[in-house]
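Below: the structure, in structure tokens.
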């Protein structure tokens, strides 16, 4: 399925990002040639989604080298800038993974770094296709070759990758094969990545969908409206525990109670085999204003305290399978990654 937009591109020695904070109202592309501005963009969620963050980090190392050459920065300052890029969003393992992978080529020069970044971007695009096929085959094998009603949380499509997507990539592949009846897209509070981004992608892909508030997901699942749920991941522990957008755990618990598949779809680079369980995953806590204000308008009492984790961790026992570009891991049967 063709994709008429790109979340990230390298063009004319700049990183071009589709500003996801402006969607679906406006389709704005912003060019970055400053590492400090790129880091702010990452933290502001101009670009988000684990694979897209990885590609951004890879090209970001090239950007840091170009800026260092342009401003005659020291090797130490270049190192600090690359470290700051790596640490811009701590839960998303792909960002740090990609930066560390690409920075190994810095000593070999700018051309070597650019070649490595381009290769990583190409591999990410192919991994979307592979995950889509493996995930579709898993669903068809478990549920039959028939139209399904699927639920997804947050955004895991072309906006989060350089290809068709992770979880949404599986849904797109199922649609291409004629096996999607409808998609329930959780709105994904507090930044509405589901209603703003996933619904926008589903519309562009001409896939039937409806938006539901996060609080309606459990009812939709337990009332028999949903055949399976698919989410992405920002970090997966060796045992299968998976960190994803806040609200994912609630979906997993409902699927477990209803006895329907709950799939985590992510590239192998999202699997952090250096940590045994999800208890070791650092969870990013975001600012109060994401909850107390909406588009600058105050919607909570002045001084209200918040609990605003960006992610939660779904224990492996509630995950049917983890789908990567290499294979499906039957987590429910005790397989580890």
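The values are calculated or read from the model by the stated rules, or taken from the named source; none is laboratory data. Quick caveat: nothing in here was measured; it's all calculated off a predicted structure. As a convention, Cβ positions derive from the backbone with ideal geometry for all residues, glycine included, and neighbour counts pool all protein chains shown.
Only one of the numbered conditions (1) over 28 Å from residue 273 (Cα atoms); (2) without any contact (Cβ under 8 Å) to a residue 24 or more places away in the chain is violated by residue 46, and that is (2). Among the residues examined, residue 276 does not qualify as surrounded by fewer than 20 Cβ atoms within 10 Å (Cβ to Cβ), at negative phi, in a helix (DSSP H, G or I) and over 20 Å from the mean Cα position of the chain (by Cα).
Just one of the listed residues (63, 73) is outside any helix (DSSP H, G or I), surrounded by 15 or more Cβ atoms within 10 Å (Cβ to Cβ), more than 20 Å from the chain's Cα centre (by Cα) and at pLDDT 95 or above, namely 73.
The set of residues from the stretch 76-101 being assigned to a loop (DSSP other than H, G, I, E, B) and over 24 Å from residue 278 (Cα atoms) is empty. Within the stretch 30-60, being outside any helix (DSSP H, G or I) and surrounded by 14 or more Cβ atoms within 10 Å (Cβ to Cβ) holds for 30, 32, 33, 34, 45, 46, 47, 48, 49.
Given the options 281, 285, name the one that is surrounded by fewer than 18 Cβ atoms within 10 Å (Cβ to Cβ) and either in contact (Cβ under 8 Å) with a residue 60 or more places away in the chain or within 17 Å of residue 92 (Cα to Cα) (or both).
Working: 281 fails: surrounded by fewer than 18 Cβ atoms within 10 Å (Cβ to Cβ).
Step by step, each of 281, 285 is checked, and only 285 is surrounded by fewer than 18 Cβ atoms within 10 Å (Cβ to Cβ) and either in contact (Cβ under 8 Å) with a residue 60 or more places away in the chain or within 17 Å of residue 92 (Cα to Cα) (or both).
Applying the criterion of being surrounded by 23 or more Cβ atoms within 10 Å (Cβ to Cβ) and farther than 30 Å from residue 330 by Cα to the residues of the stretch 105-138, the residue that is nearest to the chain's Cα centre (by Cα) is 117. Set side by side, the residues 178, 165 differ, and just one is assigned to a loop (DSSP other than H, G, I, E, B), surrounded by fewer than 17 Cβ atoms within 10 Å (Cβ to Cβ) and touching a residue at least 12 places away in the same chain (Cβ under 8 Å), which is 178.
Against the condition in contact (Cβ under 8 Å) with a residue 60 or more places away in the chain, under 25 Å from residue 185 (Cβ atoms) and surrounded by 17 or more Cβ atoms within 10 Å (Cβ to Cβ), how does residue 271 come out, does it pass? Walk me through it before giving the result.
On the way: in contact (Cβ under 8 Å) with a residue 60 or more places away in the chain: yes; under 25 Å from residue 185 (Cβ atoms): no; surrounded by 17 or more Cβ atoms within 10 Å (Cβ to Cβ): yes.
Against the criterion (in contact (Cβ under 8 Å) with a residue 60 or more places away in the chain, under 25 Å from residue 185 (Cβ atoms) and surrounded by 17 or more Cβ atoms within 10 Å (Cβ to Cβ)), residue 271 does not qualify.
Quick one: in the stretch 83-104, which of the residues that are without any contact (Cβ under 8 Å) to a residue 24 or more places away in the chain and over 17 Å from the mean Cα position of the chain (by Cα) is nearest to residue 324 (Cα to Cα)? Ranking the qualifying residues of the stretch 83-104, first place goes to 100.
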